[in-house]
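Report on the structure given below.
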């Protein structure tokens with residue numbers, strides 16, 4: 001990481017038994033929702049555990065997204081004691097953090113179906129969903145759920161750690177795919193624009209499929225990063 005001072009992980013302070021928001025983020029989230037109240041689909045919902053990043057911190061493939069959405073069944077499926085244990089393990093385990101949406105326990109959930117669909121072709125290439133889960137990391141611009149994406153008025157304090165994870169991915173020479181919100185990512189992590197091992201965009205960022213069709217000529221770069 002050169003001379004950069006490593007940031008501590010703020011998500012270690014979040015409790016599965018409390019409110020699903022970091023204390024330092026509360027005033028920013030409240031102001032965001034106040035500003036967006038005329039369109040509730042953009043408002044942040046705090047009844048779901050945040051998902052600012054998922055997967056191993058040494059994964060060779062990193063996918064950059066915007067923020068986690070809200071689908072039918074998410075609250076019921078992600079707030080059981082077993083689900084919360086696995087989701088919160090993702091904040092704590094670093095190198096061995098689970099890419100929980102691809103785990104067997106989430107396969108029949110909304111989040112599991114979303115990620116399985118988006119990564120189906122890659123999973124087939126590497127030998128299955130469980131094998132792929134060891135090799136990818138997902139990082140969101142912020143970790144809080146909303147039906148539709150809208151950029152924060154100002155960055156939430158917790159976002160700094162997500163941006164740090166992107167810089168660590170650059171340091172370890174990971175392949176980085178910008179799945180959504182390209183302009184925001186370039187602004188947040190300026191060195192990303194000049195990083196040679198990044199894929200600037202998908203054919204359709206709205207779908208975010210990591211498929212041969214949506215990655216186009218970059219598909220084989222992704223396979224090489226995964227060791228195929």
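What the table below lists for this structure:
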quantity	calculated
Number of positions in the range 12-35 that are surrounded by fewer than 18 Cβ atoms within 10 Å (Cβ to Cβ), in contact (Cβ under 8 Å) with a residue 24 or more places away in the chain and within 17 Å of residue 54 (Cα to Cα)	2
Conditions (1) in contact (Cβ under 8 Å) with a residue 60 or more places away in the chain; (2) surrounded by fewer than 23 Cβ atoms within 10 Å (Cβ to Cβ); (3) within 29 Å of residue 187 (Cα to Cα); (4) out of contact with any helix residue (DSSP H, G or I) (no Cβ under 8 Å at 6 or more places or on another chain): number failed by residue 120	(3)
Scan of the range 60-83 for residues that are in contact (Cβ under 8 Å) with a residue 12 or more places away in the chain, more than 19 Å from residue 170 (Cα to Cα) and part of a loop (DSSP other than H, G, I, E, B), ordered by number	67, 68, 69, 70, 71, 72, 73, 79
Search result, residues across the range 147-164 that are part of a helix (DSSP H, G or I) and closer than 23 Å to residue 46 by Cα	159, 160, 161, 162, 163
The lone exception for residue 118 - which of (1) touching a strand residue (DSSP E or B) at 6+ places or on another chain (Cβ under 6 Å); (2) in a helix (DSSP H, G or I) it fails	(1)
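Residue by residue, here is whether (1) closer than 22 Å to residue 103 by Cβ; (2) at pLDDT 95 or above holds:
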{"residue": "122", "(1), (2)": "yes, yes"}
{"residue": "140", "(1), (2)": "yes, yes"}
{"residue": "152", "(1), (2)": "no, no"}
{"residue": "168", "(1), (2)": "no, yes"}
{"residue": "185", "(1), (2)": "no, yes"}
{"residue": "195", "(1), (2)": "no, yes"}
{"residue": "198", "(1), (2)": "no, yes"}
{"residue": "218", "(1), (2)": "no, yes"}
{"residue": "228", "(1), (2)": "yes, no"}
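The values are calculated or read from the model by the stated rules, or taken from the named source; none is laboratory data. Note that the structure is predicted; figures quoted are calculated from it, not measured. Glycine gets a Cβ as well: all are built from the backbone with ideal geometry, and neighbour counts include every protein chain shown.
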